[in-house]
Amino acid sequence: MDGTGSARAGSKRRTDGKPSGRPARAPSLTEQVYQRLKSEILSCRLEPGQEISEAELAERFEVSKTPVREALAALRQERLVQTFPRRGYQIAPITFGDMNELFDLRTILEAGAGELACEQITEDELAQLRELAVVAYEKDEVPTIEAFIAANREFHLAIARASRNERLLGVLTRQIAELERFFYLGAQLRDVNSETNTDHVEIVDALAARDRAKVRELMIRHNDVTRQGLFQALATSRQFGSIRL
């Protein structure tokens, strides 16, 4: 996790970095439903194209329809849920066109973030990246896939964080979240441990050497390899029929 994830992360901080002494506000019902739904969508426990209803979700989460409706509205803004008059809601399908657009954007953002990080990254941040770079999973074990996806997400965001550009970090955070469903599907269909670990270790080595050109080259190659592997795995799979060209 990042440097702010200390044992005192539950208390609010003042601008000088010291705890304010006030406990963090408990999440509202809407926030709780939103987080649960988003997690299920990104991990494909709610599959792309699956239809859902307010009544069904309210019963499952043991809440009224209001927080469910508000959570679904937020997820629609993030393009993870679609609404249809008189039909209700559908988990947004995913397409190869979506994947290509997202990877194009990710490549541009991460190549730049990596170059900026070369100038700013600390030894502590490099040590954290080395730990994240070698996290592995078992293809048939969902908990290890979830841990792997989380480590992959944090690896890429840690590099963006090291760029010291908060706007870049914010955009990349949202972009990686949109791609996360593809990562879950891909990890279930093929073993990407060696490919991912090798690329990540090379990226960390280039960051440690402060080699901007090498980091840019590796980021672009890593994204291209990941994109092609996902495309081939999804195009030949019969397991997920909701993915469209």
Self-check item: Residues that are open to solvent by 90 Å² or more (accessible area, probe 1.4 Å) and modelled with pLDDT of 95 or more, drawn from the stretch 98-126
Solution: I108, E123, D124
Practice problem: Please give the number of the condition V135 fails out of (1) among the aliphatic types (A, V, I, L, M); (2) assigned to a helix (DSSP H, G or I); (3) under 17 Å from the mean Cα position of the chain (by Cα). | Solution: (2)
Practice problem: Please find, within the stretch 64-88, the residue that is modelled with the lowest pLDDT out of those that are open to solvent by 60 Å² or more (accessible area, probe 1.4 Å) and in a strand (DSSP E or B). | Solution: F84
Self-check item: Test for R190: is it over 17 Å from E110 (Cβ atoms) and in contact (Cβ under 8 Å) with a residue 40 or more places away in the chain
Solution: yes
Quiz item: Given E110, E125, E31, E59, which one is assigned to a helix (DSSP H, G or I) and in contact with a His (Cβ under 9 Å, 6 or more places away or on another chain)?
Solution: E110
Quiz item: Just for the stretch 193-203: of the residues that are surrounded by fewer than 22 Cβ atoms within 10 Å (Cβ to Cβ) and in contact (Cβ under 8 Å) with a residue 60 or more places away in the chain, which one is nearest to E146 (Cα to Cα)?
Solution: N197
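Please go through the stretch 37-53 and give me each residue that is among the hydrophobic types (A, V, I, L, M, F, W, C) and either under 20 Å from P67 (Cα atoms) or open to solvent by less than 10 Å² (accessible area, probe 1.4 Å) (or both), ordered by number.
L37, I41, L42, L46, I52
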Exercise. Can you tell me which residue within the stretch 127-153, out of those that are among the acidic types (D, E) and without any contact (Cβ under 8 Å) to a residue 40 or more places away in the chain, is surrounded by the fewest Cβ atoms within 10 Å (Cβ to Cβ)?
Key: D140
Practice problem: Within the stretch 54-63, count every residue that is open to solvent by less than 90 Å² (accessible area, probe 1.4 Å) and without any contact (Cβ under 8 Å) to a residue 12 or more places away in the chain. | Solution: 3
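The values are calculated or read from the model by the stated rules, or taken from the named source; none is laboratory data. Here the structure is a predicted model, which is why all the values come from computation and not from measurement. Virtual Cβ from ideal backbone geometry, glycine too; neighbours counted across all protein chains shown. The protein model used for the area step is the full one, side chains on, heavy atoms only, and it has no ligands, DNA or RNA in it. Shrake-Rupley method; radii C 1.70, N 1.55, O 1.52, S 1.80 Å.
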